[in-house]
Amino acid sequence: MKKLRSILGHTGAILGLVLAVVSPFLLFGWFQHAIASAGLRIDPEYTGGEIARTIDRGAYRIAVYQPVWRRSPIQRIAPFVQLTWAPAASLPETVSDAVDLDGDGVADIRVTFRPAALAVDVASLNGKYRSVHSQGVTSFSQLIARVNERIVLRLPLD
Amino acid sequence: MAALGLVTEAFALGVSSGPVCLASCTPVLLPVLAAERKPLGGTGIILGEFLTGRLGGYLVFACLAWFAGITLSLQSHARAVAFGLSDLAMAGLLAGYGWTLGRRQKAGCEHACPATRARRFADRFGVFAPFCMGFASGVSLCPPFVAAGLRAVQTGAFVNAIIFFVWFFAGTAIWFIPSVGLGMLRRIESVALVARLMLFLLAAYYGYLTFIVLGGLFIHG
Amino acid sequence: MAKQAALAQRSISRSLLLTLPILLWSLLMFSRTMMQSGKAPKIAALITLAFGVVLFFQMMRTLETHRWRRYFFVALGFLFPIGFIWDLVSLRGTMSIPVERMLSGDTPFCFMVIPMVIVPAALTRSIIFPGSILPTASNPHAIATMVALWLAATLIVGKAWCSYGCFFGGIEEGFSAVAKKPVIKKLDTRWRWMPWAVLAAIVLLSLATFEPVYCTWICPFKAITEYPQVRSLETAAQMGIFVTLFAGLVVVLPLLTKKRTQCSFLCPFGAFQSVFNRVGPIDVRIDTAHCVPCNICEKNCPTLSIDNSAVKAGKPMMSCMKCGACVDTCPRDAAVWHIKGTDVGSHSERARLFHLYAVWAFAVMFGGSIIANTLTKLLAMVA
């Protein structure tokens, strides 16, 4: 029993060495592939969630995302809905779009902003959403920002 | 029959919401239960106090929803103030609880002396604090809670709304029962020490939240 | 004394022979760097290779571990932030990370985040961190990359990560080595349970709030890596906390106590890695037959992992980072390296060799690449 334990201990020590040697060539790649294939995603509070619908405006497209709600009472990031305008380079000097947020075919808000200034006015058209005037980043739930080739707008839902 | 339907609906909504409620309460509840070093029965009593406080929070909200007719999603400014004050209360409760725990678990002097008065205060605080922490965690505006509130208002009668919330609470409370098992770890001194350190750490966290929420409102409006 | 008698040291030829595998490994690991164009990467690779090989040779020759390991570890600790900050400033002109960068998934993923994201990821399949799953041009420190690295490192070295891989730990180890004697000698050992409290608190709070609470609240190393752009009271408060904790726990207290106080009293990742200390085949033991409790090991342990109860039990607490300080300073050879399953003290040097080959192979691959990268940048400035 004592000898067996010693053999097992030495085997473990040798395995440790083997792992150290193969890790940069095999282990690391396997693990990275496994994690990437695990079906994980970045949390919607950072990505804005899934795209619900896309509105084609000719030179640019508006993507309306699914609302991101709180999942816990003490979650600090307030609920929001994200919209993006892309490509940013094709946007006119002033953008003014009526947008249907809930997919019922009726425009809910009118968004007006100047891409260069990143200040936005959101006027509620039917009282379902609140009107907002915002510049830059106020919080994770309320912002207008240029992110790579998109203008990202987040409107708080409470 | 209608009453049974209401109870079933409320209970089912509570059970489905339970994991969210549990996840949001465990940062406070678990260290409180683990630090006390009480057996299963004693841990169950503290859990009972916490849940009673939580029920109290639910019922206060039910009354507000019914009598004040408040829309169940508060304006963000009011919400921020409410949460900031709740965080401040929680910070004080956690810090006080951690401090009085040390007093209660230390053998105090038997004669009339400051240690005895402090010990009495500590004993009372030890009973009162879990209830208050439960209450603070019960007044929350998470989506299931809001849904329960809306449904409660729809029942059309105040008594029905209260019954709805009580059974909603019962459904969520089921998820908390396994936490009584922390009483089995009472003999491990390091577990109790870690739990007590957590109380102070969480008090600091809630104090930090209070500062940034209320301070942010003060500065930015 | 036994140790000093044995300090006749290993012969040079035998030490060179034992160093040869590490030399070959290092040549393999740095071959790609040496093939890069320009003089700077080649010189950097050679310096790093020579540095690692000489240190390992000294470990073989002197039969000591801690002193030579420390040189490598401190170099890693101080060079990592230089290289990291360099990259941040080159990519976006600032150390601070604006929200826009977070929204595009450009936040570098740090291994400290791992304990916080595991439970939310298991329950909701989403990672509560504003990074990217796979590496991109603007974010090479992707989640899959860093988690894979952590998994591989944990399998190989377990908690010895804290002595050979953690670039943050190297900073405070450097400061702890400055003073000859500690100014603060007595520390309440109950504080060494604080990392567990921090770990439990951040895991529960992260699940409850769906945000990486340690990163947004109390990580001291944000002060020297990257931090949210200061745009509000909240971000200003965060910076205040980060800088205060860094100054206190990473600089001042190590200077005064000669202990790794951030690791001992705060780091939740260290507590997390302690769980894996049970897994590895090599550990440190105390041979109670030879021990005359002189407490020298306790005084020299940088993480307060040894006390009277640990000595009686014959092994350090699970917070042991396998740095080798106790083994090297024990005057009775009572603190020894040990292969699990064998008798304590029976194959101490063999155990040490098994341990060192594995951890040094990892250190060269991981820490060595960081050191070489930073040296390349510094040399490119002057060359």
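The values are calculated or read from the model by the stated rules, or taken from the named source; none is laboratory data. Keep in mind that what you see is a predicted model, and the values were worked out from it rather than measured. As a convention, Cβ positions derive from the backbone with ideal geometry for all residues, glycine included, and neighbour counts pool all protein chains shown.
What the table shows:
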| quantity | calculated |
| --- | --- |
| Subset tally (residues that are surrounded by fewer than 18 Cβ atoms within 10 Å (Cβ to Cβ) and assigned to a loop (DSSP other than H, G, I, E, B)) for segment B:5-38 | 1 |
| Which numbered condition C:Ala363 misses (of (1) away from chain A (no Cβ under 14 Å); (2) touching a Phe, Trp or Tyr at 6+ places or on another chain (Cβ under 7 Å)) | (1) |
| Qualifying residue in segment C:326-340 (condition: among the basic types (Lys, Arg) and within 11 Å of another protein chain (Cβ to nearest Cβ)) | yes |
| Segment C:187-210: number of residues that are in contact with a Pro (Cβ under 7 Å, 6 or more places away or on another chain) and more than 7 Å from chain B (Cβ to nearest Cβ) | 6 |
| Residue satisfying all of: in segment C:222-241; of a type in the set (Ser, Thr, Tyr) and at the interface with chain B (Cβ under 10 Å from one of its Cβ atoms); nearest to A:Val137 (Cα to Cα) among these | C:Ser232 |
| Selection status of C:Val359, aliphatic (A, V, I, L, M) and in a strand (DSSP E or B) | no |
| Sole exception among (1) crowded, with 16+ Cβ neighbours inside 10 Å; (2) part of a loop (DSSP other than H, G, I, E, B); (3) at pLDDT 90 or above for A:Phe140, by number | (3) |
| Hey, C:Ser163 more than 27 Å from C:His355 (Cα to Cα), among the polar types (S, T, N, Q), part of a helix (DSSP H, G or I) and more than 11 Å from chain A (Cβ to nearest Cβ) or not | no |
| Output for segment A:53-75, where each listed residue is small (Gly, Ala, Ser) and at pLDDT below 95 | A:Gly58, A:Ala59, A:Ser72 |
| Criterion: assigned to a helix (DSSP H, G or I), within 14 Å of chain A (Cβ to nearest Cβ) and surrounded by fewer than 22 Cβ atoms within 10 Å (Cβ to Cβ) - qualifying residue of C:Leu378, C:Leu353 | C:Leu353 |
| One residue from A:Gln82, A:Gln75 being part of a loop (DSSP other than H, G, I, E, B) and within 13 Å of another protein chain (Cβ to nearest Cβ) | A:Gln75 |
| Qualifying positions in segment A:138-150 - β-branched (Val, Ile, Thr) and farther than 14 Å from A:Val81 by Cα | A:Thr138, A:Val147 |
| Filter result (among the basic types (Lys, Arg) and either buried (at least 22 other Cβ atoms within 10 Å of the Cβ) or at pLDDT 95 or above (or both)) within segment C:306-349 | C:Lys322 |
| Filter result for the condition that a residue is farther than 22 Å from A:Gly58 by Cα and either in a loop (DSSP other than H, G, I, E, B) or not assigned by TED's automatic domain parsing to the domain that holds A:Gln75 (or both), over A:Gly103, A:Gly127 | A:Gly127 |
| Those residues of segment C:166-189 which are at pLDDT below 90 and outside any loop (DSSP other than H, G, I, E, B), in sequence order | C:Phe167, C:Thr189 |
| Meets criteria (assigned to a loop (DSSP other than H, G, I, E, B), on the phi < 0 side of the Ramachandran plot and more than 19 Å from the chain's Cα centre (by Cα)) for C:Val311 | no |
| Odd one out for C:Cys219, checked against (1) within 14 Å of chain A (Cβ to nearest Cβ); (2) surrounded by 22 or more Cβ atoms within 10 Å (Cβ to Cβ) | (1) |
| Leading residue by the ranking (nearest to the chain's Cα centre (by Cα)) among those in segment C:52-77 that are in contact (Cβ under 8 Å) with a residue 24 or more places away in the chain and surrounded by fewer than 17 Cβ atoms within 10 Å (Cβ to Cβ) | C:Arg67 |
| Number of the condition not met by A:His133 [criteria: (1) within 30 Å of B:Thr210 (Cα to Cα); (2) of a type outside the set (Ser, Thr, Tyr); (3) in contact with a helix residue (DSSP H, G or I) (Cβ under 9 Å, 6 or more places away or on another chain)] | (3) |
| Residue check, A:Pro87 buried (at least 16 other Cβ atoms within 10 Å of the Cβ) and within 21 Å of the chain's Cα centre (by Cα) | no |
| Residues (among the small types (Gly, Ala, Ser) and surrounded by 15 or more Cβ atoms within 10 Å (Cβ to Cβ)) located in segment C:20-51 | C:Ser26, C:Ala40, C:Ala44, C:Ala45 |
| Boolean, C:Asp283 is surrounded by fewer than 20 Cβ atoms within 10 Å (Cβ to Cβ) and in contact (Cβ under 8 Å) with a residue 40 or more places away in the chain | no |
| Residue within segment A:56-65 that is touching a helix residue (DSSP H, G or I) at 6+ places or on another chain (Cβ under 8 Å) and assigned by TED's automatic domain parsing to the domain that holds A:Asp104 present | yes |
| Subset of segment A:107-158 [under 22 Å from C:Gln229 (Cβ atoms) and of a type in the set (D, E, K, R)] | A:Arg146, A:Glu149, A:Arg150, A:Arg154 |
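Residues are listed down the side, and each one gets a yes or a no for (1) in contact (Cβ under 8 Å) with a residue 24 or more places away in the chain; (2) surrounded by fewer than 19 Cβ atoms within 10 Å (Cβ to Cβ):
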site	(1), (2)
A:Ser6	no, yes
A:Ile14	no, yes
A:Val22	no, yes
A:Glu50	no, yes
A:Ala59	yes, yes
A:Val64	yes, no
A:Phe80	yes, no
A:Val111	yes, no
